[in-house]
1. In segment A:459-468, how many are closer than 27 Å to A:MET253 by Cα and more than 8 Å from the chain's Cα centre (by Cα)?
2. Which one of these is within 11 Å of RNA strand B (Cβ to nearest atom) and not assigned by TED's automatic domain parsing to the domain that holds A:SER365: A:GLY395, A:GLY469?
3. Taking only segment A:432-462 into account, find how many residues are assigned to a loop (DSSP other than H, G, I, E, B) and over 22 Å from A:PHE142 (Cβ atoms).
4. Here are A:GLY456, A:GLY444, A:GLY440, A:GLY400: which of them is under 30 Å from the mean Cα position of the chain (by Cα) and surrounded by fewer than 20 Cβ atoms within 10 Å (Cβ to Cβ)?
5. Looking at A:ASP343, is it more than 16 Å from A:ILE394 (Cα to Cα) and within 13 Å of RNA strand B (Cβ to nearest atom)?
6. Step by step: first the residues of segment A:419-431, then only those that are assigned to a loop (DSSP other than H, G, I, E, B) and more than 16 Å from RNA strand B (Cβ to nearest atom), then the one that is farthest from the chain's Cα centre (by Cα). Which residue is that?
7. Mind checking whether some residue in segment A:46-57 is among the polar types (S, T, N, Q) and assigned to a strand (DSSP E or B)?
8. Scan segment A:29-48 for residues that are more than 13 Å from A:ARG120 (Cα to Cα) and touching an Asp or Glu at 6+ places or on another chain (Cβ under 6 Å) and jot them down.
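The values are calculated or read from the model by the stated rules, or taken from the named source; none is laboratory data. Being a predicted model, the structure only gives us computed values, none of them experimental. Every residue, glycine as well, gets a Cβ built from its backbone with ideal geometry; the counts of neighbours run over all protein chains shown.
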Amino acid sequence: MNVKRLLNTEAKEQEVVVKGWIRTFRSNRFLAISDGSTVHTIQAVIDFEKHDDSLLKRLNTGAAVEVKGKLVESQGKGQKVEVLVSDFTILGDADADEYPLQPKRHSLEFLREKAHLRFRTNTFGSVFRLRHAMTFAVHKFFNDRDYFNIHTPIITGSDAEGAGEMFHVTNHDLNAIPKNDKGEVDYENDFFGKETNLTVSGQLEAELAATALSKVYTFGPTFRAENSNTSRHLAEFWMIEPEVAFNDINDNMDLAEEFLQYLCRYALENNRDDVEFLNQREIQENKSKPQQERPELNLIERLEFVVNNTFERITYTEAIEVLQRSKPYKKKKFKYPVEWGKDLQSEHERFLVEKHYNKPVIITSYPASFKAFYMRSNEDEKTVAAMDVLFPGIGEIVGGSQREERLEVLQQKCLDFNIPEEHIWWYLETRKFGTCVHSGFGLGFERLMMFVSGMGNIRDVIPFPRTPGNAEF
RNA sequence: UCCUCCUUAGCUCAGUUGGUUAGAGCAUCUGACUGUUAAUCAGAGGGUCCAAAGUUCGAGUCUUUGAGGAGGAGCCA
C-alpha cells in the first residue's frame, strides 16, 4: 500500500510495509518517509535503543528505505497515523555529504539545475502530480463530450503553418551536407525525400480529421526554434488543439471557456492537497516580495475566480477604444502606441486583464494583417474571426479561430501570404469537397500548468525544459 | 535577438566610501538530549569571492571582455 492510501487507513495495529525515501530523521527516532504518492509523508517511529548505531547513522535525507511495523494512531500532533517500526532496511544510501537536497528551502533556479532530483522535493512532487491530473482531465473532458483524440505527426513535411521557426529533421551527414545543382541542400536524397521539420502545430492535420469525425482534439509535443528567452516560452512544449466541425467563432469561445473552467475545477476538486501545498508555497514566497508585486488573490482564489466568473468577451476594436480611454494611455504610461491596426502589446493585454476587467478576457476580430492565413475573414473584410483568451499573470493562454471554409477566399489568402498551393493541396481539398464551417484553438499545456500550479516560470512545470542553450538531461 | 540585474562556504544570503585574518543561518562532523514536526543545545571543520585582463600602494568591492543564471521586451502557446 502506498503512503497516500496508508494515511487514509484506519489504524488497528495491523502489520504494514512502507517503501520510500527519507525526507527527515528527527530526534534519532522519527522518520518522515515519502513515496511520492502524495505531498504528505508518513511518520515511522524507530526505537533507537533496539537498532545498531551504525545503521541509524545511515538514515539520511534522500536514502531509500523499507520499514515494517504496526500502523497505529499517532501520539504526536502532526499526523493521525504512524508506523511503529519493528524492522527496517536501507535499500539505497544517500551520502549526506554529497546529496544536494537538504531539508530546507532551495531556490527554484538551483533545483532547475538538479532536474534529475527535483522530483523529490515537495514542490515538484506536487507540480508533477498535478501535471498528470491535468493531462488526465484534458482527455476526460473531451472523451465525455464525444471527441476523438487524433495523433497528428511530429515530423512534418508541411511548412505552411507559419507559427514560428522550425527545427529541421534530416538524416544527412551534417559535416558533409549534399547539395544539388543549384547549390541548395539536396533534400531529394534525404530520408523522407523532401524537407522536413518538427511540428509547430497539429492544427492543419486536425482540421482534416474534424471534417469527417466532427469533434477531434490533439494533445502532443510541439516544437519552436524561436530564440525566446522568457519565463513563458519553451522550445519543446505540449499543446492541446480541439477542432470542431460546424462550430463558429462563438461556439469556439464557449468551448474554450467551458474547457478552462473544467480544468481549474478539476484541480481544485481532485488535487486539493497539492493545490493547497502550492498555495502555501506561493504565500511564503510572496512574503519576501514588496506589497505591489504580490497578487491580489492567492492561487486557490484565482482558480475559484476562473471557475465562478464568465470571461469578458470584447472585440479588438473595443479593446483599442477601452485602452485609448484608459488612465495609463492618457498619462502616456504605455511604451507602445495604441491605435487601430497596431497589435496589442503585453502591457496592453495586462492592463485589460489585470486592471480594467480584472478577469479572463477573450479578444476577437483581430485585423487580418497580423493573424494566420487560415482564419476566416469577417464581413468587413478587414478583420478575421480570431480569438485570444488572456489570463492574469500568464497572458495569452489560448489562441484560436473560425477557419476559412470558402475555397476561393482561402486560395486568395494563400496568394496574399505567399503560400504555394502545391504545399497544402491536401488542406485545400477539404474546402473543395464537402466544406463546412469549423473552428478550433490551441491551448499551451504548460501555460495552463503555470496557472493551476502558481509557478511563475514555465521551466518549472515541465520535467525537463528545453530552452535556447539548454537541453540537459 | 535587445534592455536591465545577478554570480561570495554544500545551500540561502550579508559584506558600508576600495583598507588588517571575508561573516551569519541551515547542512556536515563531534558530543549532549530523546514524542519530534524544517526538533533543540554546545563545539569544530569548510572559501580559486564565476573566469580572464586592467586601474590602484592595496580589489569580494572600480573598469573591460567572456561564461552561466534571472527579470522584462519582441515572437507566440
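1. The total comes to 0.
2. Answer to the check: A:GLY469.
3. The total comes to 7.
4. Of A:GLY456, A:GLY444, A:GLY440, A:GLY400, the one residue that is under 30 Å from the mean Cα position of the chain (by Cα) and surrounded by fewer than 20 Cβ atoms within 10 Å (Cβ to Cβ) is A:GLY456.
5. Details: more than 16 Å from A:ILE394 (Cα to Cα): yes; within 13 Å of RNA strand B (Cβ to nearest atom): yes.
Yes.
6. The qualifying residue farthest from the chain's Cα centre (by Cα) is A:PRO420.
7. Residues of segment A:46-57 that are among the polar types (S, T, N, Q), as a first pass: A:54.
After this cut, where a residue has to be assigned to a strand (DSSP E or B) as well, the list is none.
The answer is no, given that none of the residues of segment A:46-57 is among the polar types (S, T, N, Q) and assigned to a strand (DSSP E or B).
8. A:GLN43, A:VAL45
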